[in-house]
Amino acid sequence: MGDVVRVVYTKYDGGAHRDYPARRLAEDDHGTWLGISAGTASIYHGRPLRQQYPYVVLVPRERWWTAMFNPPPRTAEVYCDITTPARWIGRDEVHLVDLDLDVVRRRGTGLVQLLDQDDFADHLDGFGYPADLVVAARRAAGWLFGALGDGTEPFAAGYRRWLEHLANPGRAPGGGRGE
């Protein structure tokens, strides 16, 4: 797999949210695909954590979200964080500001949910979200809610090849043998 990328999420007030290393899998029209292996050491809300399951993250260009694609047994098949657009520092570090709202598609049922609206409302005043940020975050959440439910790629099936590649790194994405 590719080079290591440090992924850093903060909250709008600058507080730590998540920080972990990932492997660059590919870049395509959707954005940058990153792989996180089971056992990866990370920081979550300032506390150390080891990832129990592998997952794939898509960091799109100029969008107000990121997407995590999870294998079974995780109940959230796709978990999207509403964030500010990614800010890359070179090729090996990406910074995102988590804006509380999350859009999730549940495994098995396909149920799409908008989560953490209460946190978003609390932080409107507490963090002083500007009006244009609020509009962009709500617009992104609305778009994702539809896209996760209607078969829009990369949420329909396009991500599955990267999950398979992460689980079987000797196998090229799409099922062929790697070099």
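Brief remarks follow.
- Elements of type strands (runs of 3 or more DSSP E) in segment 38-96, at least 1 residues being touching a residue at least 12 places away in the same chain (Cβ under 8 Å): 41-44, 55-59, 65-69, 76-83
- Condition check for ASP102: closer than 16 Å to TYR9 by Cα, in contact (Cβ under 8 Å) with a residue 40 or more places away in the chain and not in a helix (DSSP H, G or I): no
- Pairs are defined by a Cβ separation below 7 Å, a sequence spacing of at least 6 or placement on different chains, a first member in segment 138-155 that is assigned to a loop (DSSP other than H, G, I, E, B) and modelled with pLDDT of 95 or more, and a second member that is surrounded by 12 or more Cβ atoms within 10 Å (Cβ to Cβ) and among the β-branched types (Val, Ile, Thr); the pairs so defined are PHE155/VAL78.
- Exclusive hit being at pLDDT below 95, touching a Phe, Trp or Tyr at 6+ places or on another chain (Cβ under 9 Å) and within 23 Å of ASP13 (Cβ to Cβ), set HIS95, HIS123: HIS123
- Residue within segment 145-164 that is surrounded by 14 or more Cβ atoms within 10 Å (Cβ to Cβ), closer than 29 Å to ASP3 by Cα and touching a helix residue (DSSP H, G or I) at 6+ places or on another chain (Cβ under 8 Å) present: yes
- Pairs with Cβ under 8 Å, 6+ apart, first in segment 1-13 and more than 25 Å from GLY128 (Cβ to Cβ), second of a type in the set (Ser, Thr, Tyr): VAL5/THR32; ARG6/TYR20; VAL7/TYR20
- Qualifying residue in segment 107-124 (condition: within 22 Å of ALA16 (Cα to Cα), in a strand (DSSP E or B) and within 16 Å of the chain's Cα centre (by Cα)): yes
- Residue within segment 105-122 that is within 22 Å of PRO60 (Cβ to Cβ), touching a residue at least 40 places away in the same chain (Cβ under 8 Å) and buried (at least 17 other Cβ atoms within 10 Å of the Cβ) present: yes
- Test: residue in segment 157-174 that is more than 16 Å from THR32 (Cα to Cα) and under 15 Å from the mean Cα position of the chain (by Cα): no
The values are calculated or read from the model by the stated rules, or taken from the named source; none is laboratory data. Remember, predicted model here, so these are calculated numbers, not experimental data. Please note: Cβ atoms are built from the backbone with ideal geometry, for glycine as well, and neighbour counts cover all protein chains shown.
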